[in-house]
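Visitor: Here it is, the structure in full.
The values are calculated or read from the model by the stated rules, or taken from the named source; none is laboratory data. Since we're looking at a predicted model, the values are computed, not measured. Using ideal geometry, Cβ is built from the backbone for each residue, glycine included, and neighbour counts are taken over all protein chains shown. Only protein heavy atoms, including side chains, enter the accessible area calculation; ligands, DNA and RNA are left aside. Shrake-Rupley method; radii C 1.70, N 1.55, O 1.52, S 1.80 Å.
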Amino acid sequence: MLENRELAAHEQAMEILNNLAASFHIVTISRIKGILKEEFLRQALDMTQSRHPLLNARIIAKSYCFWFVAGADKIPLSVVKKQQKQQWQEVVIKELNQKINSDQNLLRVTLIDFEKEKNICYLITSIHHAIADASSCIQLHSEILSNCQNISEGKAQISVKQLPQIPSFHKLIPKSFQGLTGEIGNLLYILRLKSQLIRYKPATLEFEKSIPIESRSCGMVHRKLDSELTVRLVNICREKKITVQAALGSAMLFSVAKKTNPSQEKNNYLSFRSSVNLRSRLQPQISNEHLASIASAVLSFHNLRDNSNFWDLARDIKHKLDIGVASDDKFRLILIFKKILKPLLKSPYKSSTSAGLTNIGRVNIPHNYNQLELEEISFIPSVAAFGGFFGAAASTFRGEMVLNFMFSQPSISTETAETLSSDIITIITNICNSKN
């Protein structure tokens, strides 16, 4: 049973963004081989909702704060008919730019069927970031498909055992981050972050067009590395003793630098935002089956003049991310998210991040669900509010890496995002083919 509680500060920030610009919710996409019956999916969603306390929550404003309260409507399910497989992207972009009706429910689901491809469908979920992160979104898809499998086999449970409601994030973190000590630490981190931004003045993509936050939209460019290229990337990173995260980050920063500073005559500093999964870094650890927003980020600064070589920049990214993860910084950005959101909303035509990457790595869920086969799964957060921001959401499933690039329109045009994305894939391909 859901216990009503006040949203934590970062969860409140996500609700503010949801209301302001239909922003920061997470859209997860599964391509499925087989016929997924609407009636089975409806039953599966009901079972899933019964299992997760926060899927029975809605958000209300009370006493100048937001609260999770019981009484959510049944998870909305829409069935969309399309002609061609490629049209799934149209649905995803629509979902990215449609706010979550948080006073009713915090998850909605879309099933895409195709007139000419009877044996292929797409399962799309859009969930409020206050109750989920990418890892739990991926696991949620597996749970829904498992429920569909059990229903089709006549094995659906009459009653579903509900998961326990996990405490608010602020109660899960070490005590040194709580109370007055925590507030002082957060303040010092904000001051350090501000001083770094003043010192480095990282180059970011210029606004191609400036409009108010509430009028912006989120765009997406979908790219894939086939299994051969994915294996080569993993192997060369292992050989160079570099993480895939750092290699992708290096490719992204070089691509952005080519756009912002092609002559290398201007400021050569760039900033990179690396998302960090905190689930395994808490005591006790929180498994992916629990819906919750337990992800933070580390912001690092890099001088391309000192790191003009691809692998030098990748090593610099890895080194600074390792320092951030080993230190208190891995918790700080999520703890101060609401505080730093306020100046962002007051200065909506500035960006402090050159590029950002959220990479969940290899997805460890089954691909076979009896008559249904999960062929591909990926995710993407909506970033409509964040003008000038260019980022990517990466996942690897069944040996293939998917990169969903996201950007705020019209500060970044689709044409620019497609050019940047193609450059990144070219850079990755070249370093995988290079013998140096």
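Visitor: Pairs Lys85/Lys161; Lys194/Lys350; Lys175/Lys346; Lys99/Lys346; Lys74/Lys161: which are spaced more than 25 Å apart, C-alpha to C-alpha?
Guide: Listed pairs above 25 Å: Lys85/Lys161; Lys175/Lys346.
Visitor: Tell me, what is the FRET efficiency for Ser78 and Asn430 to the nearest 0.05, using R0 = 41 angstrom and their Cβ-Cβ distance as r?
Guide: The calculated FRET efficiency here is 0.45.
Visitor: Using the Cα centre as the reference, give the magnitude of the dipole from point charges on the C-beta atoms of region 147-209 (Lys, Arg: +1; Asp, Glu: -1; all else neutral), rounded to the nearest 20 debye.
Guide: Rounded to the nearest 20 debye, it is 240 debye.
Visitor: Here's a follow-up. If we count every other residue with Cβ under 13 angstrom of Val91's Cβ, Lys/Arg +1 and Asp/Glu -1, where does the sum land?
Guide: Here the charged neighbours net out to +3.
Visitor: Lys/Arg Cβ at +1, Asp/Glu Cβ at -1, dipole of region 134-262 taken about the Cα centre: which of Leu253, Ser135, Ser146 is farthest positive-ward?
Guide: Farthest along the dipole direction, towards plus: Leu253.
Visitor: Which of Gln283, Gln84, Leu197 sits farthest toward the positive end of the charge dipole of the chain, with +1 on the Cβ of Lys and Arg and -1 on the Cβ of Asp and Glu?
Guide: It is Leu197.
Visitor: Ordered by residue, what ³J(HN,Hα) values in Hz, to whole numbers, does region 274-285 give under the Karplus form 6.51 cos²θ - 1.76 cosθ + 1.60, where θ = phi - 60° and Gly and Pro are x?
Guide: Working through the residues one at a time gives 9, 6, 10, 7, 9, 4, 7, 9, 9, 10, x, 5 Hz.
Visitor: List the GluC sites (Glu not before Pro) within region 202-275 that fall in a DSSP loop (any state other than H, G, I, E or B) and whose Cβ has at most 16 other Cβ atoms within 10 Å.
Guide: Answer by residue number: Glu206, Glu208, Glu265.
Visitor: For a test of the definition: using alpha carbon positions, the gyration tensor, and the 1.5 limit on a/c, classify the chain as rounded, prolate or oblate.
Guide: Oblate, because a/c is 1.5 or more while a/b does not exceed b/c.
Visitor: Would you calculate, for the chain, the mean residue ellipticity at 222 nm contributed by helices, counting each DSSP H stretch of 4 or more residues as -39,500 (n - 2.57) and dividing by all residues, to the nearest 500?
Guide: Counting only the DSSP helices, I get -12000 deg cm²/dmol.
Visitor: Another question, if that's okay. Whole number in Å², please: accessible area per residue of the chain, 1.4 Å probe, ligands, DNA and RNA not counted.
Guide: Heavy-atom SASA per residue in the chain reads 44 Å².
Visitor: Right, next: What is the sum of charges around Phe389, taking Lys and Arg as +1, Asp and Glu as -1, for the other residues whose C-beta is under 15 Å from the C-beta of Phe389?
Guide: The answer is +3.
Visitor: Next question. Suppose R0 equals 22 Å. What FRET efficiency, 1/(1 + (r/R0)^6) with r the Cβ-Cβ distance, do Lys194 and Ala326 give to the nearest 0.05?
Guide: About 0.45, to the nearest 0.05.
Visitor: On to the next question. Given Cβ point charges of +1 (Lys, Arg) and -1 (Asp, Glu) and nothing else, what value in debye, to the nearest 20, does the dipole of region 346-436 about its Cα centre take?
Guide: For region 346-436, the charge dipole is close to 420 debye.
Visitor: Given Cβ point charges of +1 (Lys, Arg) and -1 (Asp, Glu) and nothing else, what value in debye, to the nearest 20, does the dipole of the chain about its Cα centre take?
Guide: Around 920 debye, computed over the chain.
Visitor: I'd like to know which of Leu270, Ala297, Gly387 lies farthest towards the positive end of the charge dipole of the chain, counting +1 on Cβ of Lys and Arg and -1 on Cβ of Asp and Glu.
Guide: Going by the charge dipole, the pick is Leu270.
Visitor: Something else: As an exercise, use a Förster radius of 25 Å and the Cβ-Cβ distance of Asn235 and Ser422 to find the FRET efficiency, rounded to the nearest 0.05.
Guide: Calculated transfer efficiency: 0.60.
Visitor: Which trypsin sites (Lys or Arg not before Pro) in region 120-225 pass both tests, a DSSP loop state and at most 11 other beta-carbon atoms within 10 Å?
Guide: Counting only loop positions with at most 11 other Cβ atoms within 10 Å, the trypsin sites (Lys or Arg not before Pro) in region 120-225 are Lys155, Lys161, Lys209.
Visitor: Then there's this: Which of the GluC sites (Glu not before Pro) across region 110-182 are loop residues per DSSP, with 14 or fewer other Cβ within 10 Å?
Guide: Glu115, Glu117, Glu153
Visitor: Another question, if that's okay. Once you put a point 7 Å from the Cα of Leu187 and another 7 Å from the Cα of Thr414, both along the Cβ direction, what distance in nm separates them?
Guide: That separation, rounded to one decimal, is 4.8 nm.
Visitor: Tell me, what % of the accessible area of the chain is carbon and sulfur with a 1.4 angstrom probe?
Guide: Carbon with sulfur: 50 percent of the solvent-accessible area.
Visitor: Put a dot 7 Å past each Cα toward the Cβ at Asp103 and His170; how far apart are the dots in nm?
Guide: Each label point lies 7 Å from its Cα, and together they span 2.5 nm.
Visitor: Quick check on packing: order 379-389, 101-111 by the mean number of other C-beta atoms within 10 Å, highest mean leading.
Guide: The densest-packed peptide leads the list: 379-389, 101-111.
Visitor: Quick one: plug the Kirkwood hydrodynamic radius of region 282-322 (C-alpha pairs) into Stokes-Einstein at 20 °C, 1.002 mPa s, and report D in µm²/s.
Guide: Roughly 167 µm²/s, to the nearest whole number.
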